[in-house]
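The values are calculated or read from the model by the stated rules, or taken from the named source; none is laboratory data. Here the structure is a predicted model, which is why all the values come from computation and not from measurement. Glycine also receives a Cβ, built like all others from the backbone with ideal geometry; neighbour counts cover every protein chain displayed. Only protein heavy atoms, including side chains, enter the accessible area calculation; ligands, DNA and RNA are left aside. Shrake-Rupley method; radii C 1.70, N 1.55, O 1.52, S 1.80 Å.
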Amino acid sequence: MIDFEGKHIGLFGGTFDPFHNAHRQLIVSALEQLPLDVVLVMPLGQAPHKKRRISLAAHRYEMARLGIDGLSRVVVSDDEIRTPGVDYTYETILRLKEQHCPAAITVLVGSDVLLSIDSWYRVKDLMGEISLAVVRRGDDDIKVLENKAEETAARYGAKIVFFDMPPSMLASSDLRRIHENQGDFRDKCPDSVVAFIERHRLYSLSPVYSMVDDDDWERLVALEGWSWRFISQERRVHSASVAQYAGKLASLYEVDIWKAIAAGLLHDMAKEFPLEEQKDLARQYLDDETLFLTLSDDLMHGPAAAKFISKTCGKCEVEFLDAIAFHSTGRGDMSVLGQILFLADKIAFDRTFRRLDAIRSLAEDGNLDDAMKLCLEEIFTALKYSGVEVNSLSLNAYRKYAGGASS
Ligand SMILES: [Fe+2]
Ligand SMILES: [Fe+2]
């Protein structure tokens, strides 16, 4: 953990969906013009309005990480993502102060935020804890901002300073338009962020999120926040990409989209548990010693995750748990949800292997069984190449999808 004790922190929060050039420029300008030791970039966990759909936290956190690359004195924090419940800046500030004892915190905001400051949660208490640094862009109406700053200082005792950045080419309405058209982010985001968006097809797949109802969306955000601590960032990005693609497949096969996304988010959550713990959990889940003994070490994490989830979250549907338990191996008797998770894990856009596009086409064109067959063939080829024996569950799955008898 980075030591912020006695430091002057500039806190820059936002959804970062995506992290774009104006975000980066704001950070650079703040560090140049304000007496800050460090800027803490904090992607939002749960928005106060649950109707709002934003990309999964792992994707947004990764874009922020990529977007600040090469800047010194800038750190991305997952504090709000890890913390359960709706994120309010006031509570984030109190947590930061309690955990890190900084000398001061200045919250960095755009001019639009100053103009809507009265709607902030516990704004007077918040202003007692921080300074506010408002960025002026060349195209802002300076007089309006100064009047609002004076009024805010008088009403809440707020300490407000301004800093400047070049007029941005990038209004948020531009970005929204690009989002809506699932368009091109080149020249609008740092190159590494653009490459990430393109590779993961982030915004061409995101319409599936709006197909999840508000309460289920809130549960998904909470699930991602809960599973966050168990896995590394690399695995979180994989899980989010599997979740997104599983959601898309679910929308094509009339499977509950929230269940598919949730299964994607959680499927690898036990993969970094100590192996003995994975084995213990897997043995409990399978409750079949013969079957358990067929699993190699790297196949333990599926049933281990299923057991861990059922123990921790209480009652869960067997279909959901089985999809997670057998996501690596498949098996002869799989639900459609199980097939979707199995495939999404192998062909989500973070993957690269030989016949990926062919498998995706089959899966997206309504031929889920054929996609399973082809995908299993690819896995068998890869295993043979590595000298690893195919698990009997996978052979059963293959027999079924290749048209033979399953057992
Ligand atoms: Fe896995
Ligand atoms: Fe996986």
* To do: Run the 1.4 Å probe and let me know the accessible area of D369, rounded to the nearest 10 Å².
  => 80
* Over what distance in Å are the Cα centres of the stretch 251-266 and the stretch 335-407 separated? -> 18
* In Å², what does the accessible area per residue of the stretch 8-200 work out to with a 1.4 Å probe? -> 46
* Under 16 Å Cα to Cα from K315, which lysines show up? Leave out anything in the same chain fewer than 8 places away. => K259, K307
* Report ³J(HN,Hα) in whole Hz for each residue of the stretch 94-103, in order, from the Karplus equation J = 6.51 cos²θ - 1.76 cosθ + 1.60 where θ = phi - 60°; Gly and Pro get x. => 4, 5, 4, 5, 5, 7, 10, 6, x, 6
* Asked: Taking the mean number of other Cβ atoms within 10 Å as a proxy for protection, how do you rank 64-75, 349-360 from highest to lowest?
  -> 64-75, 349-360
* Asked: Counting only protein heavy atoms and using a 1.4 Å probe, what share of the accessible area of the stretch 77-139 belongs to carbon plus sulfur, as a whole percent?
  -> 46
* Structure fact -> Rg (one decimal) and Dmax (whole number) from the Cα set of the chain, in Å, equal 23.8, 78
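If you roll a 1.4 Å probe over the stretch 294-372 with all protein chains in place, what percent of the accessible area is carbon or sulfur?
Numbers: 1470 of 3090 Å².
Here it works out to 47 percent.
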* Structure fact -> Note to self: with every protein chain in place and a 1.4 Å probe, the stretch 242-299 gives an accessible area per residue in Å² of 42
* Any idea of R186's accessible area? Nearest 10 Å², probe 1.4 Å. -> 130
* Spin-label point model (7 Å from Cα, Cβ direction): what's the K51 to A402 distance in nm? -> 5.3
* Asked: Taking H as built 1.01 Å from N, whose amide H comes closer than 5 Å to the amide H of V76, not counting residues under 5 places away?
  -> V41
* Asked: Given H placed on each backbone N at 1.01 Å, which residues far from N391 in sequence or on other chains put an amide H within less than 5 Å of it?
  -> none
* Structure fact -> FRET efficiency for V144 and K124 from the Cβ-Cβ distance with R0 = 25 Å, rounded to 0.05, comes out at 0.65
* Asked: For the chain, what is the mean residue ellipticity at 222 nm derived from helices alone (per DSSP H run of n ≥ 4: -39500 (n - 2.57); sum divided by total residues; nearest 500 deg cm²/dmol)?
  -> -16500 deg cm²/dmol
* **Accessible surface of S241 - all protein chains present, 1.4 Å probe, nearest 10 Å²** => 10
* Return, for the Cα atoms of the stretch 8-200, the radius of gyration and Dmax in Å, separated by a comma. => 16.2, 49
